[in-house]
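All remarks here apply to the structure that follows.
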Amino acid sequence: MELIARATALVGGTVAFVRRLGSPSHQAFGAAPEIPAARKQGIMTLKMPAAEGWKDGHLPTCAPGLAVNAFASGLDHPRWIEVLPNGDVLVAESKEQAGPPKTLMDHAAQATMRRVKAIGTSANRVTLWRDADGDGTAEIREVFVENQNQPFGMALVGNRFYLGNTDGIKMFTYAPGDTALSGDGETLVEFKPHGHWTRSLIVSPDGTKIYAGVGSLTNIADQGMEVEQGRAAIWELDVATGQARIFASGLRNAVGMAWEPETGKLWTVVNERDGLGDETPPDYLTSVAEGGFYGWPYCYWGQTVDDRVPQDPEMVAKAITPDFALGGHTASLGLCWMPDGTLPGFGAGMVIGQHGSWNRSKLSGYKLIFVPFEKGAPSGPARDILSGFLSEDEKLAYGRPVGVTVGPDGKSLLMADDVGDIIWRVSAAR
């Protein structure tokens with residue numbers, strides 16, 4: 001495997017260098033992005049920095065007026081965060097457990113992902129962290145639940161705790177102050193595992209519904225649409241009845257979700273398809289309409305047809321154009337609504353953890369960004385909150401942003417870093 005990793009890095013670096021010479025000079029960002037014409041890659045661009053981590057006091061770079069500190073450290077690939085009403089912080093520790101590679105491309109992709117610790121043995125647990133003295137650093141760590149199947153999303157409704165494993169949603173009984181769950185939990189909904197494996201969860205404002213992001217198995221339905229049934233969608237679970245249905249579809253890999261409070265709309269960030277160029281198509285932030293279809297796999301950014309896919313003109317005709325482009329292959333995963341007054345110098349808007357992707361000749365993402373909102377919609381260009389996760393020569397990843405949420409104090413953000421194995425806390429500089 002090490003030999004394959006080295007060979008992949010060498011070949012991938014050469015391909016990326018050649019493609020970089022003709023890469024776009026701008027990012028596809030904003031409500032009206034300039035999206036370059038598709039350039040089929042044939043051999044996929046495979047470029048991934050090696051996992052370095054944070055050493056010798058090295059920290060992410062903050063926007064002016066902000067400070068960052070490690071809220072929790074020593075985790076095993078932390079991906080998602082949930083803050084309980086009593087201020088306890090839950091962290092899902094898990095990673096992709098890759099199946100046997102079937103093709104040379106599979107071998108190359110897995111070797112590349114291992115370099116940045118993206119696949120391997122999963123911790124399969126949720127840990128609880130408590131900052132008892134309120135100094136911004138957790139002193140207490142407990143195992144909240146373990147022996148799960150790639151746990152990710154979490155949600156609490158009353159005394160019922162919901163956990164999004166890759167193969168479905170489980171429910172456990174919870175009482176305020178509990179530091180561990182008991183029992184095996186009850187499976188409420190089953191999902192197909194593998195592929196885009198994360199299962200993010202969010203509760204509706206009235207507490208009656210839970211929404212779950214379920215990504216596609218493949219890039220562009222490479223194995224046919226039958227295996228994609230129930231995937232590339234956001235599901236809705238009725239808390240009272242236990243009935244579940246697809247709420248919106250055509251979303252290749254919808255991960256983070258958030259409620260915009262002025263309009264009450266659900267928003268999500270979506271990772272788009274690979275193999276068409278550095279900026280084509282862009283990942284995106286969008287509101288989600290009930291019954292809405294967003295194009296995958298037939299088309300992207302509205303009705304731009306992907307001619308690698310057997311077409312369905314009726315589906316293309318009803319594809320909804322997303323609201324805000326986030327750059328090509330930035331792997332925008334984390335999402336939360338940040339109210340006005342949370343951080344100095346930033347108003348109300350969406351905060352997005354850009355994990356950084358591999359299908360580019362010039363890497364992008366690797367940031368925590370902010371998109372301002374007014375009247376229920378994006379109102380200006382994105383701004384960096386945290387950066388510096390990638391070395392200047394793009395060879396090393398000190399960290400990779402994933403899940404993000406407002407901290408228990410309402411005056412900070414917590415962000416999971418699955419390469420640094422840290423939960424970062426961002427607050428006002430003192």
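Check the straight Cα-Cα distances from LYS362 and name the aspartates and glutamates below 20 Å, setting aside those fewer than 8 residues away within the same chain.
Cross-link targets: GLU34, GLU52, GLU272, ASP274, ASP278, GLU279, ASP283, ASP384, GLU392, ASP393, GLU394.
Once you sort the root eigenvalues of the Cα gyration tensor of segment 2-428 as a ≥ b ≥ c, which label holds: rounded (a/c under 1.5), prolate (a/b larger than b/c) or oblate (the other case)?
Working: a/c = 1.34, a/b = 1.19, b/c = 1.12.
Rounded, since a/c falls under 1.5.
Working out 0.36 nm times the residue gap between VAL157 and ILE43, then minus their Cα-Cα distance, what length gain in nm do you get to one decimal?
On the way: separation 114, 0.36 × 114 = 41.04 nm, distance 4.65 nm.
This chain segment gains 36.4 nm when fully extended.
Using the beta-carbon distance between ASP409 and ALA377 and R0 = 25 Å, what value does 1/(1 + (r/R0)^6) give for FRET efficiency, to the nearest 0.05?
Taking R0 as 25 Å, the efficiency between ASP409 and ALA377 is 0.30.
State the extension gain, in nm to one decimal, for the chain segment bounded by LYS362 and HIS26, taking 0.36 nm per residue of separation less the distance between their alpha-carbons. Walk me through the intermediate numbers first.
On the way: separation 336, 0.36 × 336 = 120.96 nm, distance 1.13 nm.
That works out to 119.8 nm of additional length.
Hey, for a label at GLU226 modelled as a point 7 Å past Cα toward Cβ, could you say which residues of segment 187-204 have their backbone N under 18 Å away?
Taking a point 7 Å out along Cα→Cβ of GLU226, the residues of segment 187-204 whose backbone N falls under 18 Å are 192-193.
Hey, which lysines would be in cross-link range of LYS375, C-alpha to C-alpha under 19 Å, not counting anything within fewer than 8 residues on its own chain?
Excluding near neighbours in sequence, the set is LYS265.
Between ASP135 and HIS58, what length in nm is gained on full extension when 0.36 nm per residue of separation is reduced by their alpha carbon distance? Numbers along the way, then the final one.
Numbers: separation 77, 0.36 × 77 = 27.72 nm, distance 2.06 nm.
My answer for the length gained is 25.7 nm.
Can you compute the helix-only [θ] at 222 nm over the chain? Use -39500 (n - 2.57) per DSSP H run of at least 4 residues, normalise by all residues, nearest 500 deg cm²/dmol.
Details: 3 runs with 36 residues, N = 430.
Taking each H run of at least 4 residues, the total per residue is -2500 deg cm²/dmol.
With +1 assigned to the C-beta of every Lys and Arg and -1 to the C-beta of every Asp and Glu, and no other charges, what is the dipole magnitude of segment 2-428 about the Cα centre in debye, to the nearest 20?
On the way: 37 positive and 50 negative charges, 214 e Å.
For this selection, approximately 1020 debye.
Hand me the GluC sites (Glu not before Pro) from segment 219-279 located in a DSSP loop with no more than 13 other Cβ atoms within 10 Å, in residue order please.
Those satisfying the criteria are GLU262.
Going through the cross-link list LYS95/LYS170; LYS170/LYS318; LYS40/LYS117; LYS192/LYS318, which pairs have a Cα-Cα distance over 24 Å in this structure?
LYS170/LYS318; LYS40/LYS117; LYS192/LYS318
Treating the beta-carbon of each Lys and Arg as +1 and of each Asp and Glu as -1, no other charges, what is the dipole magnitude of segment 223-313 about its Cα centre, to the nearest 20 debye?
The calculation lands at about 200 debye.
Using the Cα centre of the chain as origin and beta-carbon charges of +1 (Lys, Arg) and -1 (Asp, Glu), tell me which of VAL203, SER73, LEU276 is placed farthest towards the positive end of the dipole.
The residue sitting farthest along the positive end of the dipole is LEU276.
Along the Cα→Cβ direction, 7 angstrom out, place labels at ASP307 and ALA240. What is the inter-label distance in nm?
Modelled inter-label distance: 5.2 nm.
Rounded, prolate or oblate: pick one for segment 253-376, where a ≥ b ≥ c are the square roots of the eigenvalues of its C-alpha gyration tensor, a/c under 1.5 means rounded, and failing that, prolate if a/b is larger than b/c, else oblate.
Oblate.
For the chain, what does the relative contact order come out to in percent, with C-alpha contacts under 8 Å and a separation of six or more?
About 19 percent, as a whole number.
Any read-out appearing in this document is the output of simple, stated calculations on the displayed coordinates, not a laboratory observation. Owing to the predicted nature of the structure, the values given are computational and were not obtained by experimental measurement. As a convention, Cβ positions derive from the backbone with ideal geometry for all residues, glycine included, and neighbour counts pool all protein chains shown.
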